[in-house]
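First the structure, then my questions, so here it is.
The values are calculated or read from the model by the stated rules, or taken from the named source; none is laboratory data. Every value quoted in this text rests on a predicted model; they were computed, and no experiment measured them. Neighbour counts run over all protein chains shown; Cβ positions are idealised from the backbone, glycine included. Areas reflect the complete protein model, heavy atoms only, side chains present, ligands, DNA and RNA absent. Shrake-Rupley method; radii C 1.70, N 1.55, O 1.52, S 1.80 Å.
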Number of protein chains: 2
Amino acid sequence: MPRVAIDVLLKREILDPQGRAVEQALPGLGYHPASEVRVGKHLEMVVDADGDELASQVERMCEGFLTNPVIESYRWRVIADDERADA
Amino acid sequence: MPRVAIDVLLKREILDPQGRAVEQALPGLGYHPASEVRVGKHLEMVVDADGDELASQVERMCEGFLTNPVIESYRWRVIADDERADA
């Protein structure tokens, strides 16, 4: 069964205070500076569907439940077991 | 300058109540069931470094600031502009 990774961020035109806070904190804490920092949600899950059915089910749950499509956008992909962020 | 995406999840052996809540809610709300749901953080940022220098800077900020390495693990990759989650 495919394992799906979903990334959710505030839309580009929406202010992201958490990203701004990270961006401003990095140099002061002794880290390499970064720009255009955005902070959002990452989900991984196993979904029992394939192909077009998988795409339509994942997009339906993203648009109806996992994100707020007014202010957030998302991107999803199928990942291998060794691409899990908790691997 | 490379754009970096960082995914952070609780380690696999740590209970993820938010993932559990999503998993339990999906079927009741009329969505396709999913299993092994994990919910974490997704960050995107532009970092002015390349190659080994980029890797060492990103890993240092992940381990020292962006994650709690006791309970969280992360994975990072360089993404193209059209792979941005807010694209």
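Do we find that A:V78 is more than 9 Å from every other protein chain (Cβ to nearest Cβ), farther than 25 Å from B:F65 by Cβ and surrounded by 12 or more Cβ atoms within 10 Å (Cβ to Cβ) in this structure?
Working: more than 9 Å from every other protein chain (Cβ to nearest Cβ): yes; farther than 25 Å from B:F65 by Cβ: yes; surrounded by 12 or more Cβ atoms within 10 Å (Cβ to Cβ): yes.
Judged against the criteria, A:V78 is a match.
Still on this structure, I have one more. Within segment B:52-61, how many residues turn out to be hydroxyl-bearing (S, T, Y) and surrounded by 13 or more Cβ atoms within 10 Å (Cβ to Cβ)? Working first, answer last.
First, pick out the residues of segment B:52-61 that are hydroxyl-bearing (S, T, Y): B:56.
Keeping just the survivors that are surrounded by 13 or more Cβ atoms within 10 Å (Cβ to Cβ) gives none.
Number satisfying all stated conditions: 0.
Name the residues in segment A:47-87 that are of a type outside the set (G, A, S) and without any contact (Cβ under 8 Å) to a residue 40 or more places away in the chain, would you? Explain how you work it out, then say what you get.
Looking only at segment A:47-87, we keep the residues that are of a type outside the set (G, A, S), and these are A:47-48, A:50, A:52-54, A:57-63, A:65-72, A:74-79, A:81-84, A:86.
If the condition is that a residue be of a type outside the set (G, A, S) and without any contact (Cβ under 8 Å) to a residue 40 or more places away in the chain, then A:D52, A:E53, A:Q57, A:E59, A:R60, A:M61, A:E63, A:F65, A:N68, A:P69, A:V70, A:D82 are the ones that fit.
Quick check on this structure: which one of B:E53, B:E59 is farther than 20 Å from A:T67 by Cβ, within 9 Å of another protein chain (Cβ to nearest Cβ) and outside any strand (DSSP E or B)?
Values: B:E59 fails: within 9 Å of another protein chain (Cβ to nearest Cβ).
One residue alone meets the criteria, B:E53.
Among the residues of segment B:22-46, what is the count of those that are in contact (Cβ under 8 Å) with a residue 40 or more places away in the chain and either surrounded by fewer than 19 Cβ atoms within 10 Å (Cβ to Cβ) or in contact with a Pro (Cβ under 6 Å, 6 or more places away or on another chain) (or both)? Steps first, please.
Residues of segment B:22-46 that are in contact (Cβ under 8 Å) with a residue 40 or more places away in the chain, as a first pass: B:42, B:44-46.
Now narrow it down to the ones that are either surrounded by fewer than 19 Cβ atoms within 10 Å (Cβ to Cβ) or in contact with a Pro (Cβ under 6 Å, 6 or more places away or on another chain) (or both): B:46.
Within segment B:22-46, residues that are in contact (Cβ under 8 Å) with a residue 40 or more places away in the chain and either surrounded by fewer than 19 Cβ atoms within 10 Å (Cβ to Cβ) or in contact with a Pro (Cβ under 6 Å, 6 or more places away or on another chain) (or both) number 1.
For (1) within 21 Å of A:G28 (Cβ to Cβ); (2) open to solvent by less than 30 Å² (accessible area, probe 1.4 Å), each residue gets a yes or a no:
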position: B:D7; (1), (2): no, yes
position: B:D50; (1), (2): no, no
position: B:E63; (1), (2): yes, no
position: B:E72; (1), (2): no, no
position: B:D82; (1), (2): no, no
position: B:D86; (1), (2): no, yes
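Each row is one residue, and each column tells you yes or no for (1) out of contact with any strand residue (DSSP E or B) (no Cβ under 7 Å at 6 or more places or on another chain); (2) of a type outside the set (V, I, T).
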site	(1), (2)
A:V4	no, no
A:R12	yes, yes
A:V22	no, no
A:P27	yes, yes
A:S35	no, yes
A:V47	no, no
A:F65	yes, yes
A:I71	no, no
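Do we have A:G19 as of a type in the set (G, A, S), touching a residue at least 12 places away in the same chain (Cβ under 8 Å) and open to solvent by less than 10 Å² (accessible area, probe 1.4 Å) here?
Values: of a type in the set (G, A, S): yes; touching a residue at least 12 places away in the same chain (Cβ under 8 Å): yes; open to solvent by less than 10 Å² (accessible area, probe 1.4 Å): yes.
Taking the combined requirement at face value, the residue satisfies it.
Can you tell me which of (1) open to solvent by less than 70 Å² (accessible area, probe 1.4 Å); (2) part of a loop (DSSP other than H, G, I, E, B) is the one A:R12 doesn't meet?
Just one mismatch for A:R12, condition (1).
Checking the conditions here, which among A:V22, A:V46, A:V4, A:V37 is closer than 20 Å to B:D7 by Cα and assigned to a helix (DSSP H, G or I)? Let's see the steps before the verdict.
Details: A:V46 fails: assigned to a helix (DSSP H, G or I); A:V4 fails: assigned to a helix (DSSP H, G or I); A:V37 fails: assigned to a helix (DSSP H, G or I).
Among A:V22, A:V46, A:V4, A:V37, only A:V22 is closer than 20 Å to B:D7 by Cα and assigned to a helix (DSSP H, G or I).
Let me ask another. If you check A:R20 against the conditions, is it modelled with pLDDT of 95 or more and touching an Asp or Glu at 6+ places or on another chain (Cβ under 6 Å)? Can you show your working first?
Working: modelled with pLDDT of 95 or more: yes; touching an Asp or Glu at 6+ places or on another chain (Cβ under 6 Å): no.
So A:R20 fails the test.
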